[in-house]
Structure formats: structure tokens, C-alpha cells
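Read through the structure below, which is laid out as C-alpha cells, and then see the notes.
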């Protein structure tokens, strides 16, 4: 079923100014600063299994849970991000630190292969007794992803062999065979990692275990849910679970996965699982799994997604509530959820070259996910509000630092989302300046794409085949773009997109050049009438970027402004502002308070005066200190 494969980031050079600058920031500032924080907050120390066992750094909450149980995952994600960095530029200090972490993990590993530093250090007798809450399999997934990334970056397989022993232990423990536990991850992630390990090693056991976890999820052998069974084995009443009212929707374990049609529960868990489902649909040619992915995709993108590509409005479950419930000032829209959506979208693209998937990938990438990392590379958002009174500010660290390493590993591997490859076709999903050499149609082809995207829609793709026969170059025409134009070697070609891609098939020759012009005027977006929080409001977009207004750029408080209906929106590049951005300028009306008097209410509205409204890209907000902000503007 897999028609395309993603071209690994290590085979793609990122050359355009926008992503090259972001990548350099992550390599030189984000990854080193994260290591300092891992050390400061004792996360780095935890994998050394210190004796005597130190007190908890992060105390237990009212439900008895502490975020320290998933510290292993933070180590795994840091190693993964750092490994991606090594693929771009070798760094002896970073490499030494990764090797030191591997030393500690190797020493910590139990003789039977088990590896979870929380349990090995604090409660070895309780391992595998609480999959629902305590993240053992989730931690294993992130460690495995780190091992795979380090193997790809350096060719060293020691960490991968450590994790192979752990996976062998997991495979012996869980399954439908005699004496095995019929369990699966409470927090999905390991499934994705196992498929990556399968691709890296070719060992079928990784694929088989991922398949088991997805197929088993939500089933009730003998009429009993596994999470209920293990709770009773711990001496607990399953009804005391803090999300018992959801019937395990919180972790998408309420139904077998092929029966799920509504996106529910914890957003990050959901997106990780859907990405693995798409992978397995491709690996097994599983039409039912693909159909489930498509139904879930429609549900989340048509009813439950923020305009910024964020997911999950609720802080209570870090996830979904009901259709069209998309509040702005209390939006959760976790950074990790958008990162995971990008994983899912990339895999759906491999199943089916449909520009809608690439549109969503780009939306989440340039907006909600990228907003999670500051321009200086050392401050973060966990949740991404669409309206703020100025109290929502970036932080240098978080008691649950999952989003920090998630966004850094995304940016460090961004080149891996640019190209798709089939036997006789190369697809370009994202623009912004990149290059690669790929096997296609029996030979090799080198592509070099140059542009100033996302600020400018003029794209140039140089094609240099060597021994390749006739093949198709498919260039994405974004869903936001109207009136695209294209030329091959200066001659105009009709732009008739097939499911969002301009497909040009020919016998390519060295020196061939395709030029693409993607107009990107600033425009207004309206929400579905049932999104009550956005009634009478508009959002601004230009190209792939959603915009917001920050109060420091206006001359009145934001709540007094309304954008004139139908007034022109002008785009202007400001190279000295926020690292170099294009702003949107529009005509607005500002309510005057001076002549209002002392009355709280009166029968006549406040007088208004003309005002100029300035919008900045949403990803760049809150980089100038505390500041009120809005995405949705009154008309």
C-alpha cells in the first residue's frame, strides 16, 4: 500500500534562510541549553541510579502521580535531537555526552533486558504493574527512537543493541501467547519507535511487536479491559481512575483502533497512535486501518483543529472535548500534539499523495509547533493560546519538559519532511530552500530548490538527472494558493493540480529548471459558524503563516480594535523585526474611552477613530516579553 517514502533528513541539505537559521539556533543554543537543564533538574543524574535514592524532585500530585516516571523519555528525546544535530555537523562534546548517557543506561539495564530507571531505582518489584499511568512503554519508545537516530547519525549501534535487549524483553512479556500479559502502552509512542527500528534494522520482530500493540489496543479479551484487570491486580478499584468517566477514551483504548471514528482524549497520545496506524496500514496493506486513519483525519481537521494547526482545547485532559469547541484564551493546543500531527501527516502522505495532508503538515509546522520554541532557542511554550492578556509567557523549563525536546527534534530533522520518493516520481512537499540527490527511474537525480519561502512564493527547482529515465516531478500547490503559475525552462506550463500537486512528467535533462509562482496575498479567514468563540471575528493569513496582533505594535489595547470589513491588507517585510519577518498592515477602527465619562454602561456606543492594525506571524509572538495577543480579530 505504501506508494511513497519520506526522504530521510540526513539526505537533505537545508539551505534556505528561514529554516537554516532555525536549524542553526537549535544546534548551537537549544540542544546545549537543554543538556544544562537536564543536569540542573536531576534528569541527567537519574539514569545513573544514584544511591542512596534521592527524594523526589517533582512531588506527587493529588492522584499520586509524579512526572519523574517519564524522565527516561526526556533523555531519549534529547539524544534523538542531538543525533540529528550530529548529522548536520559533528560535535565532539555532544558525542561524548551521548556516549556517557549510553554508558549509564547500559549499566542500569537489568540482566533480563528491562530498562526503566524509575522502576529500577525506586520500585523494582512493581515493574509492568501500571501500564495505564506510568509510561514504561512510552519511555521505551523514546529511548528506542534516540538509539535509532544515533545509529543513523554515527553508524554506532551500541545503544541500539541495548534497546534491542529491552525490546526482546518487552516482546517476551506482552502478547497473546501462554503466560504473556495482554497489555499495551497507556501512552502510545513505542509503536512509532518500533516501526522506525524495523526500517533501520530490517528485523521483523520490531514490526510484529508494533502490530501487536495496535491490534490489541481497546480489545476486551474475556470481556475485561486490560487496564481494569491490572488496576484490580494492584488492589485498586478501576472506578477510582481519574479519567474513569471517559471509558478509556483518554488514552484511545475505549475501542479497537479500526472501530474508532472520533478523535477523543489526550491529543498527543492520539496523534502518535494515528501515525503508527498509518505506518502499519502501509506495511501490511491494511485497508481497514487506512480507512480508520482517513475517518479520524476528517474528524480532527474538519471539527477539532485550531486555525494555527493546534489540537486539544482542554487543559484537564490535555486534549479534545466536543466538536467545534475551540476557545482562544484557554486553548491548550500542546506543542507536542502538533509535532505528533506532523508525524501523522507525513505518513498519510506516504500512503496517498494528497496535498491536503501536506497542507496540514505545513500548517502545524509553521504555526503551532514552531510557536513552541522561542527565537533565541532557549524558551518554550507547552500550551499555545490564541488569545492572551499578557500573562502567558515563555518559560526556560517546565516540570514536564516533553515539548522542549519534541520541538527541537522536529526542527533538527525538518529536512525529512521536504521530499517524497516513488520508483519513477519525486514529490516536493515543502519549500524554503533545500537540496537532495535521489535514486529514481533507474538513475540518480539531484534537485536544488531555492526560494525565500515562507515570505515569498517564487520557487526555483533545478533538476540534474544522471542516468535517470523519464520520471515525474510533483510540486505541491498549497491549498491556500490561488492562481499559481509554472514554467519549465522558461516556457509556461498549465497548472492543473492533481490532488494538490502539479505533476510534470518528461525525460529530464541536466540544466532543466522549473519555476513556480505561488501568489501569497494577505487574506482573512472565517471560522465555521458553530465555532462560537470566533463568531464575528476573522483571522489573518499570508501563505503558510497564520498571523496574530500583539498589543505593543498597536496604539490602543487590543480589545478596542476592530478590523475594517473589506479594507486592503498590505504585506511589508521588516528585516530588523523579530529576526526578519513580513508584517500585515490593515485599516482598523479604535474605540475611544476619553469621552466616555464615568458611567459603566450607556445607551450610545463609544466613538471610534481610524487606526492601523499590525499583524506578526503567530510563531514569533511573545518574543518581546509579556504582551497581550489575539489571533481572532473583531470585524
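Every number here is computed from the coordinates shown, using simple stated rules; none is lab data. Everything quoted here is computed from the prediction, not taken from an experiment. Don't worry about glycine lacking a Cβ; one is built from the backbone with ideal geometry, like all the others, and counts go over all protein chains shown.
Cβ crowding within 10 Å, taken as a proxy for footprinting-reagent exposure, orders 284, 142 from fewest neighbours to most as 284, 142. Over all distinct Cα-Cα pairs of segment 419-517, the Kirkwood formula returns a hydrodynamic radius of 13.4 Å. Coordinate range of the alpha-carbon atoms in the chain per principal axis, descending: 75, 73, 49 Å. Take every pair of alpha-carbon atoms less than 8 Å apart whose residues are at least six positions apart; their mean separation over the length of the chain yields a relative contact order of 13 percent. In terms of its C-alpha gyration tensor, segment 122-246 comes out prolate, because a/c is 1.5 or above and the ratio a/b outweighs b/c.
Over the chain, dividing the summed -39,500 (n - 2.57) contributions of all DSSP H runs of at least 4 residues by the number of residues returns a 222 nm mean residue ellipticity of -10000 deg cm²/dmol.
In this label model, residue 460 and residue 180 are separated by 5.7 nm, measuring between points 7 Å along each Cα→Cβ vector. Kirkwood radius for segment 30-222, taken over all pairs of different Cα atoms as the inverse mean of 1/r, rounds to 17.1 Å.
Percent relative contact order of segment 419-517, based on C-alpha pairs within less than 8 angstrom and at least six residues apart?
Reported relative contact order: 27 percent.
Set the Förster radius R0 to 60 Å, insert the Cβ-Cβ distance between residue 123 and residue 528 as r into 1/(1 + (r/R0)^6), and round the FRET efficiency to 0.05. So, using R0 = 60 Å, E works out to roughly 0.80. Taking 0.36 nm per residue of separation and subtracting the Cα-Cα distance, full extension of the segment from residue 288 to residue 65 would add 76.6 nm.
Approximating the spin labels as points 7 Å out from Cα along Cα→Cβ, the residue 612-to-residue 598 distance works out to 3.8 nm. Give the Debye-formula value of log10 I(q)/I(0) at each listed q (0.23 Å⁻¹), with one equal scatterer per alpha carbon of segment 276-316, two decimals each. Listed by q, the Debye log ratios stand at -0.76.
As a proxy for reagent exposure, ranking 474, 338, 314 by other Cβ atoms within 10 Å from fewest up yields 314, 474, 338.
Bridges between two residues of the chain, per DSSP, are antiparallel at a rate of about 95%. Which whole-angstrom value gives the distance between the alpha carbon centres of segment 415-431 and segment 526-600? Computed from Cα coordinates, the inter-centre distance equals 36 Å.
On full extension, the segment bounded by residue 446 and residue 49 gains 138.1 nm, given 0.36 nm per residue less the C-alpha separation. At an R0 of 35 angstrom, the distance between the Cβ atoms of residue 239 and residue 329 translates into a FRET efficiency of 0.55. Largest first, the three principal axis extents of the alpha carbons in segment 261-417 are 48, 34, 26 Å in whole numbers.
As a proxy for reagent exposure, 80, 230, 515 were ordered by neighbouring Cβ count within 10 angstrom, fewest first; the result is 515, 230, 80.
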